[in-house]
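*Asks:* Before anything else, here's the structure in question.
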Amino acid sequence: MPIFREKAIVLRSNLITLNDTTEHGRNVAIISYLWVPGWIIALILNGQQKTSLGTYHLRQSLGIWIISLLLPVRIFTIGIGILVFIMWIIGLISAVQQEEKPIPFIGTFFQDWFKGL
């Protein structure tokens, strides 16, 4: 009997670690979409305990923030503003649902450009 009890403890311990990692990755992914300060906090959190979900959304959100910050105010028309806002919403929803779904049209480029994260 003691052998089964030890295996159950090990399995339960691994399950808790897996759940904590999943929750951590989800938190990092969501925080990364909370503008630049949130992105910096998410980067630090992801550095402490790297997860693929957190890293994926750090890249996606960085791309969105760079697009929104690099566009001059004169060019930042209502149409482009709405497009950036829609990309932000799509990324945030994907983070909440714990999916690694790229932002339409340019999300795959963000993954290639920011591989170093």
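*Asks:* How many nm separate the modelled label positions at Val96 and Leu70, each set 7 Å beyond the Cα in the direction of the Cβ?
*Replies:* Here the answer is 2.9 nm between the modelled labels.
*Asks:* I would also like to ask the following. In nm, to one decimal, how far is the modelled label at Phe85 from the one at Trp113, with both set 7 Å along Cα→Cβ?
*Replies:* Distance between label points: 2.3 nm.
*Asks:* Additional query: In bins 10 Å wide, starting from 0, what share of all Cα pairs of the stretch 34-117 does each bin hold, as a percent?
*Replies:* 17, 52, 26, 5, 0
Throughout, read-outs are computed from the coordinates displayed, never taken from laboratory work. The shown structure was predicted, so the numbers you read here are calculated from the model rather than taken from an experiment. All Cβ positions, even for glycine, are placed from backbone atoms using ideal geometry, and neighbour counts span all protein chains on display.
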